[in-house]
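To start, the structure itself, in structure tokens.
Coordinate-derived values only; no laboratory data. Model, not experiment: these values are computed from the prediction. Cβ atoms come from the backbone with ideal geometry, glycine included; neighbour counts cover every protein chain shown.
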Amino acid sequence: MNISGLSFNALPPIDLPFRFFLSGPLFIIACALLVLFSGEALWLSRWQPNMLALTHGFTLGFLTMVMMGALLQLLPVIGGIGIAKPRIIATTSHVLYCAGIIALMLSFIFSHHWLTLTALLLLSLGVGLYLSAIIWVLLKKISQGDSINGFRLAIACLVIVLLLGVFLLTNRVGITVPFMTIDIHFTDFHALVGLVGWAGILIISVSFQVLPMFHVAPNMPKYIRQYLSISLFVLLFFYSIYAEFALSLIFISHGIYAVTLFYVIGQRKRKVADTSIKYWQLAAATLLLLNVLYFLPDSFYVPAQTPLWMALPDKGMLLTAIFIYSYLVSVIQGMLLKILPFLSYTHLQQRCLIDFSAMQYIPHMHDFLSKKQGMVLYYMHILSGLSLIAVIFNPSLYIVFAILLVIEFLWLLTLMVKCMRLYFSVNQKINLSNKP
Amino acid sequence: MKLVIVDVSELAPPEPMTVIINSLSDLKQGDCLLVTHRRQPFPLYEKLAQAGWAYHCQAHDDENISLYIYRQIDLLLFEHHFDGKTFQESAI
């Protein structure tokens, strides 16, 4: 009979995940300024130094940043165990990680060896520290759900991405590893494991939990929960041998996941209008669109042969941009709209177990983040997503994309700050009421 | 020991926690709260223990758990009513 704290852990202090969340929009705003000052040339190739800075600003500065913060909370909620010494580990890894991303982005832009070395050191230490704390939890005998198994695969992918990134950076400063060929295929593998393995598998695994939990939806079918993440993980390694074949199956797997998402969302018991659900639907529709774009004949992408009134732009850039912005960023934003008010509310609510009278101070969930504020963010995200596609077709529109990006992520930052301020003011009220 | 039963399995967060807290605040001395839920509320456990509550969780399957919550001072009383599997309002 469990009576006291034996094999579990409470939620880590709220300011720890929040510092990761708050940093995310700041990096996107920095990316928007980079888009603004880089001009049309940025969109000519994925190898443009500023484009490398931009993609890493998005993927490390926003996507990975928010996911790192969310995992701190998700592990105790789903697995029953959180990381050890959360304050010192989260604070140190966050500082090193933020400084590392800034150094990395600057190293791409200015191409200085000392900046690359600084980025290498800071990112290895920051991500390494965070990963070791998370791996310590995932190696334990925690709740053996499908989500936790997915987390393990996603974290394994993050380890691989980090190692590949270290090789790529050391190669930039002239240190070569004899048995490794650093070529375009190597970089593609780095990007694919990061986007599909780390971010993709993590999102899929999180969806197995959050859709039934937050939206009272039925569980995803058992075969999807058991085999989707591991199939994607295996396909990533097939990619190094049969690239095209593996990539086709990766797209099809995401298509199946998208159909399942639509099905599960449609089966909810309480079909209340919800912005997070709209984000999941947008993400699912994006995955289906990506399948169409991927399997279109190559002639659609060649100006002289296209049956359309104009050829589609560079396939790699178009698919990657849509995958990152309309799929990954959409899901993360939708999740933030749920997590921000929920975490604030639940941390305050747990204080009421000691003093029931404190319930009177807790505001309504919607006071932390209203439905209307969430919907404004959603429409801003659709607009900026369309402007991103427009820029890939016509790079001269970059100013529109940059401005929409700044507005959207300033709004997200405002919502986060508002939510945090309300949390701390109510927390303070409860503290004062407890004083004799 | 009287059993007060609440079913939060079809509620979206944070409603389950609200129902649990409200039920605990109304729970009479010597009574026990039985919460039926779809998942274990892991982060709640440590807070319950800190606040002087004891609990026992029965995980029936992946989507069905029973959580008994009572005051720590009522531990012996609870053990008189609970045989490890079922709760009986008249002492065993």
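The figures follow:
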item: In segment A:80-181, chymotrypsin sites (Phe, Trp or Tyr not before Pro) in a DSSP loop with at most 16 other beta-carbon atoms within 10 Å; result: A:PHE179
item: Chain A - Kirkwood radius from inverse mean 1/r over Cα pairs (Å); result: 22.7 Å
item: Segment B:1-75: antiparallel DSSP beta bridges as a percent of all, rounded to 5; result: 70 percent
item: Calculated [θ] (222 nm, deg cm²/dmol) that DSSP helices of n ≥ 4 give over chain A, each run adding -39,500 (n - 2.57); result: -23500 deg cm²/dmol
item: Rounded to 5, the percent of DSSP beta bridges in the protein assembly as shown classed as antiparallel; result: 75 percent
item: FRET efficiency for A:HIS366 and A:ALA311, using Cβ-Cβ distance with R0 set to 51 Å, rounded to 0.05; result: 0.60
item: Sparse-neighbourhood loop sites, chymotrypsin sites (Phe, Trp or Tyr not before Pro) in segment A:266-320 - DSSP loop, at most 14 other Cβ within 10 angstrom; result: A:TRP309
item: Relative compactness, segment A:50-130, computed as alpha-carbon Rg over 2.2 N^0.38 Å; result: 1.20
item: Projected-area mean, segment A:1-143, by convex hull of Cα positions, square nanometres; result: 9.5 nm²
item: Set of aspartates and glutamates with alpha-carbon distance to A:LYS271 below 13 Å, sequence-local pairs under 8 removed; result: B:GLU10
item: Chain A: most fluctuating residue of A:HIS366, A:HIS381, A:HIS56 per GNM, C-alpha cutoff 10 Å; result: A:HIS366
item: Set A:LYS278/A:LYS372; B:LYS2/B:LYS85; A:LYS269/B:LYS28; A:LYS85/A:LYS140 screened for pairs whose C-alpha atoms are more than 24 Å apart; result: A:LYS269/B:LYS28
item: Relative exposure of A:LEU289, A:LEU348, A:LEU16, judged by other C-beta atoms within 10 Å (fewest first); result: A:LEU289, A:LEU16, A:LEU348
item: Kyte-Doolittle mean at least 1.6 and Cα axial length at least 18 Å: DSSP H helices in chain A; result: A:15-38, A:113-138, A:201-215, A:243-266
item: Selected from A:GLY200, A:GLY316, A:GLY145 as most flexible by GNM, with chain A as the system and alpha-carbon contacts under 10 Å; result: A:GLY316
